[in-house]
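Report on the following structure.
The values are calculated or read from the model by the stated rules, or taken from the named source; none is laboratory data. None of these values were measured; they are calculated from a predicted model. Because the Cβ atoms are built from the backbone with ideal geometry, glycine has one as well, and the counts that use them run over all protein chains shown. Please note that ligands, DNA and RNA were not included when accessible areas were found on the heavy atoms of the full protein model with its side chains. Shrake-Rupley method; radii C 1.70, N 1.55, O 1.52, S 1.80 Å.
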Amino acid sequence: MRRGIVAFALAIVLGAMLLPAPGRAAPTPTGIATDPILQPPFENGKPIDVVLGLHVINIAAIDEVSEQFRLDGYLYARWLDKRLAYTPEGPDDELRNYAMGQIWVPQMEMINAAAPRSRDEIAIVVSPDGTVRYTERFIASLSSKFALRHFPFDQQRLIVIIHPFLADGPRIKFSLDKISTWSATEFKTFSSLAQWHLISMHSELLVAPTYGGFTMPEARFEIDVARRSTFYLWKVFLPLLLMVFLSWAVFWIETEDLSNQIQVAVTTILTVIAFAFAISATMPRLPYLTYIDAFFLECYIYVFLAVVELMTVHVTHRSETRRDLGLRIRKYSRWVIPASFVVTNVVIAVHFLG
């Protein structure tokens, strides 16, 4: 008798352990929940309209070398799920909060992310009419195509591309919530981007092709930023100009004073080379020339021209028959080389910045 009672008690305990937890759908043999509330709220085969918004809190870093930027922000989504509609039972029941896994939530992917985004906080709020408002705080490293030909006087467009999960793509359509797409008013105050300032932010909807001839909605959020070029003006362009001007000092030293002329020329060349190595870490490594690269090359060439002029004048001045030629070269080079430097600068500026 006692054995029968014990066996019956064990059966009850095991049955209770196998029953699904309250509020959770009973799993199928494959482990997939069958609760309808976790399935998309389709109505007559129409796609689900998901309204998106993006709030930029901060752009923590922009890396031109890897063509990536780090974004801190809020992602907003809103859709209608009539299955969640309810009649409020009082003033405290105007909104109901849910957790992830309790109701269906569309999976939104940032397809240009260099790594899966980090989601710190998530809030899901449902109104009495069944409108679901989803908010997540995220940090993501995203890739974007950089156009650096105008560097360091360039502007960049940082892009956030959002797709639904691939399997749900044909059954979801996106809309944009202009009110929920903006940048924080404090962005300029605590932004860690000393080299950049935010110009504008806008969004657009596109349709992207996918497998099997299907298409999926695509939401693009574009953030326009401009580089603060003051650093390069004072720390790169001005020192280089002074070095080039210093190399022209040989044009005003007596032609017989070869020692001082060589000292000035060689010192200037070595200074320019050392300066280039010193600031190489702040320059983007690109397979094409930027404006600052062209300016650097021009400075190299004109410092080298000063050495060529020095040696030409010295060689011709040593000869009794060609001494006057050397003096004429020195007389004209004092003005022709600086003037050509100015003209070359204008041509380079028009070519790269025009």
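Has the stretch 229-251 got at least one residue that is of a type in the set (Ser, Thr, Tyr) and in contact with a Gly (Cβ under 8 Å, 6 or more places away or on another chain)?
For the stretch 229-251, residues of a type in the set (Ser, Thr, Tyr) and in contact with a Gly (Cβ under 8 Å, 6 or more places away or on another chain): absent.
Conditions (1) closer than 19 Å to Ser229 by Cβ; (2) free of Cβ contacts under 8 Å to residues at least 12 places away in the same chain; (3) among the charged types (D, E, K, R); (4) touching a Phe, Trp or Tyr at 6+ places or on another chain (Cβ under 8 Å), marked per residue:
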{"residue": "Ala274", "(1), (2), (3), (4)": "no, yes, no, no"}
{"residue": "Ser280", "(1), (2), (3), (4)": "yes, yes, no, no"}
{"residue": "Pro284", "(1), (2), (3), (4)": "yes, no, no, yes"}
{"residue": "Phe296", "(1), (2), (3), (4)": "yes, no, no, no"}
{"residue": "Met311", "(1), (2), (3), (4)": "no, yes, no, no"}
{"residue": "Val343", "(1), (2), (3), (4)": "no, yes, no, no"}
{"residue": "Ala349", "(1), (2), (3), (4)": "yes, no, no, yes"}
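Would you mention how many residues in the stretch 103-151 are open to solvent by less than 40 Å² (accessible area, probe 1.4 Å), of a type in the set (A, V, I, L, M) and in a strand (DSSP E or B)?
Total meeting the criteria: 10.
Please go through the stretch 108-134 and give me each residue that is in contact (Cβ under 8 Å) with a residue 40 or more places away in the chain and within 28 Å of Asp63 (Cβ to Cβ), ordered by number.
Result: Met108, Glu109, Met110, Ile111, Asn112, Ala114.
What residue, among those in the stretch 306-354 that are among the small types (Gly, Ala, Ser) and part of a helix (DSSP H, G or I), is nearest to the chain's Cα centre (by Cα)?
Ala349
Which of (1) within 18 Å of Leu38 (Cα to Cα); (2) hydroxyl-bearing (Ser, Thr, Tyr); (3) not in a loop (DSSP other than H, G, I, E, B) does Tyr86 not meet, given it meets every other one?
Going through the list (1) within 18 Å of Leu38 (Cα to Cα); (2) hydroxyl-bearing (Ser, Thr, Tyr); (3) not in a loop (DSSP other than H, G, I, E, B), Tyr86 breaks only (3).
Identify, please: which residue in the stretch 161-191 is surrounded by 12 or more Cβ atoms within 10 Å (Cβ to Cβ) and among the polar types (S, T, N, Q) and is, among those, modelled with the lowest pLDDT?
It comes out as Ser191.
What is the one condition in (1) open to solvent by less than 60 Å² (accessible area, probe 1.4 Å); (2) of a type outside the set (A, V, I, L, M, F, W, C); (3) within 30 Å of Ala281 (Cα to Cα); (4) out of contact with any helix residue (DSSP H, G or I) (no Cβ under 9 Å at 6 or more places or on another chain) that Pro88 does not satisfy?
So Pro88 meets the others, but not (3).
Are any residues in the stretch 69-109 out of contact with any Ser or Thr (no Cβ under 6 Å at 6 or more places or on another chain), among the charged types (D, E, K, R) and under 20 Å from Phe221 (Cβ atoms), and if so, which ones?
Asp72, Arg78, Glu109
Look at the stretch 221-280 and say how many of its residues are under 22 Å from Ile62 (Cα atoms), among the aromatic types (Phe, Trp, Tyr) and in a helix (DSSP H, G or I).
Within the stretch 221-280, residues that are under 22 Å from Ile62 (Cα atoms), among the aromatic types (Phe, Trp, Tyr) and in a helix (DSSP H, G or I) number 3.
Identify the single condition in (1) surrounded by 15 or more Cβ atoms within 10 Å (Cβ to Cβ); (2) more than 22 Å from Ile269 (Cα to Cα) that Glu298 does not satisfy, given that it satisfies every other one.
(2)
Name the residue that is farthest from Ala339 (Cα to Cα), counting only residues in the stretch 233-265 that are modelled with pLDDT of 90 or more, open to solvent by 70 Å² or more (accessible area, probe 1.4 Å) and among the aromatic types (Phe, Trp, Tyr).
Trp234
Tell me which residues, restricted to the stretch 65-83, are of a type outside the set (S, T, N, Q) and either open to solvent by 30 Å² or more (accessible area, probe 1.4 Å) or farther than 20 Å from Pro164 by Cβ (or both).
Within the stretch 65-83, Val65, Glu67, Phe69, Arg70, Asp72, Tyr74, Tyr76, Arg78, Leu80, Lys82, Arg83 meet the criteria.
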